[in-house]
Amino acid sequence: MRQFLCALTMLCGVAPCLAADAYPNKPVRWVVPFPPGGGTDLISRTIASKLSEAWGVQVVADNRPGGGGTIGLGIAAKTPPDGYTVVLGQASNVAVAPALYAKLNYDPVKDLQPITNVIAAPLVLVSHPSFPARNTKDLIAYARAKPDAVTFGSPGNGTIGHLSMELLKTMAKIKMLHIPYKGATLAITELIGGQIVLYASSMPPALPLITAGKLKALGVTTAKRLAPLPNVPTIAESGVAGYEAVNWYGVFVPAGTPKDIVAKLHADVVRVLKQPDVKERFAGEGGEIVADTPDEFAAFVRKEIPKWSRVVKDAAVKVD
C-alpha cells in the first residue's frame, strides 16, 4: 500500500509537466476584440501565424468586436482556463473600461492572467500648422491665457487619444475643449482642415503628415524622445513632469490557467516577438516591443487601472 501511494504521489507531480509537454495538441483560439484590419487585428494575426508554425497546430484568430473591445475580452475571460483561448487586450478594454463602463462582465485583474505586454504604442501631439505654439510648453502658456479657446479632437469618448489629453489638462492645470469624432480618420481630416486645433495621434498616420508640413508636432507622450522625431520634446520635459500616456497591447489568458502553460505561452510569444521580421513589422506600426514577464506585466496592469480611472473620474467621461 505504501509503495502504491508513493507511486501515485509521483504520478500526480508529473502530470502537470506531461500536460505542458503535450500543449498545445489541438487548435488554439486567439480572440481579437476588434474588427479585422485594425492594429489589434494585425498584431494578433502576426503572432498567431508564427505560433501556428512553431506549434504545428492552428492558432485561429477569432474577431469578436463591440463595446470598445469589452465584448471580446469578456468572452475570452470566461472560457475554460486550459490555454486553448488566448486574447489580445489593450489599454482601452483592460485599464480604462473598469471606470468607463458601469457594468462589465469581467474583472481585468481577477479574471485574466497576463502573459506579456507586446507593444507600447506612443502618441504624438499634433496641431494645425497655423497654431502659434511651437511645442507643448507654448501650448500650455497659450491655454492658460485663453481657457477653452483650444479645441482638441479624439477618435471618441474614452479612447486613449481622448484620455491622454484629459490627463494633460489635469496635470498642466489648463482648460481645453474636447471634440469627439467617430474614429481617427475623421478627426485628422478635421485637424488638417483647421476645424480643430490639436489631436493626440498614433505614429503611423501622423509621421507623413508632419513630414509634409500638413501638421506640426508639439510633443510626444512617452517618457523619452522617439527615434522618428528626435527633435520633438516629450510632454514630460516640456513642463509636465511625470506625464506619460501610451496605448499598449498585451497577451492574456483566463485566470487559473496552469502555470506551466503560462510559462510556455510566454516563452513562445516572446520568441516570436524577437524575430527580425516581426520586429520590423511592428516598428512600422509605430510600436515599441516590450516582451516583459507575466509578473512584470501584471504589475504594470495594476498601475494602469487606477491611473486611467482617476482620469475618467476627474474628466467625468461618459461613453457615447
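Enter the Cα centre distance for the pair the stretch 268-320 and the stretch 23-62, rounded to the nearest angstrom.
18 Å
Once amide H atoms are placed 1.01 Å from N in the peptide plane, what residues at a sequence separation of 5 or more from G219, or on another chain, have their amide H within under 5 Å of its amide H?
L125
Report the label-to-label distance for E288 and V57 in nanometres (one decimal), using points 7 Å from each Cα along the Cα→Cβ vector.
Result for the modelled spin labels: 3.6 nm.
List the aspartates and glutamates whose Cα sits under 17 Å from the Cα of K216, skipping any in the same chain fewer than 8 residues away.
Within the straight-line cut-off, K216 pairs with D138, E190.
What is the set of long-range amide H partners of A61 at a cut-off below 5 Å, with H atoms built 1.01 Å from backbone N?
W30
Test of understanding: what is the full-extension gain from I192 to K318, defined as 0.36 nm times their sequence separation minus their Cα-Cα distance?
Stretched out fully, the I192 to K318 stretch lengthens by 42.7 nm.
So which trypsin sites (Lys or Arg not before Pro) in the stretch 89-147 are both in a DSSP loop and have at most 15 other Cβ atoms within 10 Å of their Cβ? Intermediate results must be reported in sequence, preceding the final value.
Numbers: sites: K103, K110, R134, K137, R144; in loops: K103, K110, R134.
Within the stretch 89-147, the qualifying trypsin sites (Lys or Arg not before Pro) (loop, at most 15 other Cβ atoms within 10 Å) are K103, K110, R134.
Go from 0 up to the bin containing the longest alpha carbon distance in the chain, width 20 Å each, and give me the % of pairs per bin.
Cα pair-distance distribution for the chain, in percent: 31, 52, 14, 3, 0.
Over 27 Å between C-alpha atoms is what I'm after, so list which of K137/K279; K274/K307; K175/K313; K26/K264; K175/K224; K173/K318 land there. All intermediate terms of the calculation are to be shown ahead of the outcome.
Values: K137/K279 33 Å; K274/K307 30 Å; K175/K313 16 Å; K26/K264 15 Å; K175/K224 25 Å; K173/K318 21 Å.
In this structure, K137/K279; K274/K307 exceed 27 Å between Cα atoms.
Give a quick list of trypsin sites (Lys or Arg not before Pro) in the stretch 163-214 that DSSP marks as loop, anything other than H, G, I, E or B, with at most 11 other Cβ atoms within 10 Å. Please report the intermediate quantities before stating the final value.
Numbers: sites: K169, K173, K175, K182, K214; in loops: K173, K175, K182, K214.
Loop-located and lightly packed - K173, K182.
No value in this document is a laboratory result; all are computed from the given coordinates. Computed from a prediction, not measured in an experiment: that's the story for all the values here. Every residue, glycine as well, gets a Cβ built from its backbone with ideal geometry; the counts of neighbours run over all protein chains shown.
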